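Accompanying notes for the structure given below.
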Amino acid sequence: MKVSLKLKDTNIDKLIKQVCILVDTREQENSHILNYFDKKGIAYKKKSLKFCDYSAYLSANPELGLPFDVSLENVVAIERKGSSGSGLTEIAHNFGDGRSAFENEWIRAKESGASLYLIIENGSWEDIKNHNYRSKINEKALYNSLLSFRKKYGFQIDFIKSENVGEHIYKLIGIILKKLLEE
């Protein structure tokens, strides 16, 4: 059952600015993202997430028309690949030796009903085709595996430079939250 809040646009914008980004406790090498959040005054909390690396939480704010807390863990889930500066190397590993664990995470994520996103830092489809990553998995296998998983688990793939990932995560969550609050 959906609850209609009928919030004013100005209240929605104010609530979005109060969002708290949830960062999975297992997330590593993300100081550039946390530094962005700190610099911009974006609240974040480290928490063990069931799947993916980032989600969000919104505390109740009756003055703005939100009478209850809103967890977005089953609404938006963002998986980030970017260890050692190359998300393609990490994702190639996930489709090699780590494939079973990687797929299990996407199964849990899809079952949650959340909007799913995969952020790959410092890479592109062209980089995959040109094997600009460190792995024995060939270009065609990596390319096709990404396309296959995207179709099977319903996630969006965004290739983002490392310096823009924090902003991208915040904007993705803001867009989903705005849509949720407008319903």
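The values are calculated or read from the model by the stated rules, or taken from the named source; none is laboratory data. The structure presented is a predicted model; accordingly, all values stated were derived computationally and were not measured. Don't worry about glycine lacking a Cβ; one is built from the backbone with ideal geometry, like all the others, and counts go over all protein chains shown.
For this structure, a couple of remarks:
- Each residue in region 93-105 was checked for being farther than 17 Å from residue 28 by Cβ and at pLDDT 90 or above, and 5 pass.
- Qualifying residues in region 69-83 (those that are in contact with a helix residue (DSSP H, G or I) (Cβ under 9 Å, 6 or more places away or on another chain) and within 26 Å of residue 10 (Cα to Cα)) - the one surrounded by the fewest Cβ atoms within 10 Å (Cβ to Cβ): 74
- Scan of region 132-143 for residues that are among the aliphatic types (A, V, I, L, M) and surrounded by fewer than 16 Cβ atoms within 10 Å (Cβ to Cβ), ordered by number: 141
- Selection status of residue 146, of a type outside the set (Gly, Ala, Ser), surrounded by 13 or more Cβ atoms within 10 Å (Cβ to Cβ) and within 26 Å of residue 71 (Cα to Cα): no
- Residue list for region 89-116, filter: among the acidic types (Asp, Glu), out of contact with any strand residue (DSSP E or B) (no Cβ under 6 Å at 6 or more places or on another chain) and surrounded by 14 or more Cβ atoms within 10 Å (Cβ to Cβ): 103, 105
- Criterion: loosely packed, with under 14 Cβ neighbours inside 10 Å and modelled with pLDDT under 95 - qualifying residue of 40, 17, 45: 17
- Residue in region 116-125 that is closer than 21 Å to residue 22 by Cα, among the hydroxyl-bearing types (Ser, Thr, Tyr) and assigned to a helix (DSSP H, G or I) present: no
- Of the set (1) crowded, with 21+ Cβ neighbours inside 10 Å; (2) out of contact with any Asp or Glu (no Cβ under 7 Å at 6 or more places or on another chain); (3) modelled with pLDDT of 90 or more; (4) of a type in the set (S, T, N, Q), all apply to residue 86 but (3).
- Qualifying residues in region 153-183 (those that are charged (D, E, K, R) and touching a residue at least 12 places away in the same chain (Cβ under 8 Å)) - the one surrounded by the most Cβ atoms within 10 Å (Cβ to Cβ): 158
- Positions within region 128-162 being assigned to a helix (DSSP H, G or I) and either of a type in the set (A, V, I, L, M, F, W, C) or touching a helix residue (DSSP H, G or I) at 6+ places or on another chain (Cβ under 7 Å) (or both), in sequence order: 128, 129, 139, 141, 142, 143, 146, 147, 149, 153, 162
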